[in-house]
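Step one of this worksheet: look at the structure below.
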Amino acid sequence: MASLNATQIKAALKTVPDWKKTGAAISRTFQFQDFVAAMKFVNAVAKLAEKAWHHPDIDIRWNKVTLTLTTHSEGGLTGKDFQLAKQFDRL
């Protein structure tokens, strides 16, 4: 999948309003009631990521989970990053 250009990224960001672009990646922090709820979310993320064969960077801080997506093989953002972000938003 080819990298998106700046115009395409701007349009794609509108479809995932809680995600922010930082450099060549998008990220979002999710907050939960406690660590157990955060870990359940991470396990659900892992299942979706494995199915899509596209894996986010995951930072876990007690009840907060930050996901960061980029397509390393393309050196930037692709449609795959935004598709997966939408799936994570629905969890």
Testing Gln33 on (1) in contact (Cβ under 8 Å) with a residue 12 or more places away in the chain; (2) of a type in the set (S, T, N, Q); (3) surrounded by 14 or more Cβ atoms within 10 Å (Cβ to Cβ), one condition comes back false. Which one is that? (3)
Filtered residue count, region 65-74, keeping only those that are more than 18 Å from Ala11 (Cα to Cα) and either surrounded by 13 or more Cβ atoms within 10 Å (Cβ to Cβ) or modelled with pLDDT of 95 or more (or both): 5
Tally of residues being touching a helix residue (DSSP H, G or I) at 6+ places or on another chain (Cβ under 7 Å) and not aromatic (Phe, Trp, Tyr) across region 50-63: 7
Unique residue being loosely packed, with under 13 Cβ neighbours inside 10 Å, within 15 Å of the chain's Cα centre (by Cα), part of a helix (DSSP H, G or I) and basic (Lys, Arg) when the list is Lys51, Lys80: Lys51
The correct count of residues that are in contact (Cβ under 8 Å) with a residue 12 or more places away in the chain and either out of contact with any Lys or Arg (no Cβ under 7 Å at 6 or more places or on another chain) or under 12 Å from Leu67 (Cα atoms) (or both) in region 1-16 is 4
Answer from Trp19, Trp62 - the residue that is exposed (fewer than 13 other Cβ atoms within 10 Å of the Cβ) and in contact (Cβ under 8 Å) with a residue 24 or more places away in the chain: Trp62
Please pick out the residue among Leu48, Leu77 that is hydrophobic (A, V, I, L, M, F, W, C), modelled with pLDDT of 95 or more and over 18 Å from Ser3 (Cβ atoms). Leu48
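The values are calculated or read from the model by the stated rules, or taken from the named source; none is laboratory data. Keep in mind it's a predicted model, so treat the numbers as computed, not measured. Glycine also receives a Cβ, built like all others from the backbone with ideal geometry; neighbour counts cover every protein chain displayed.
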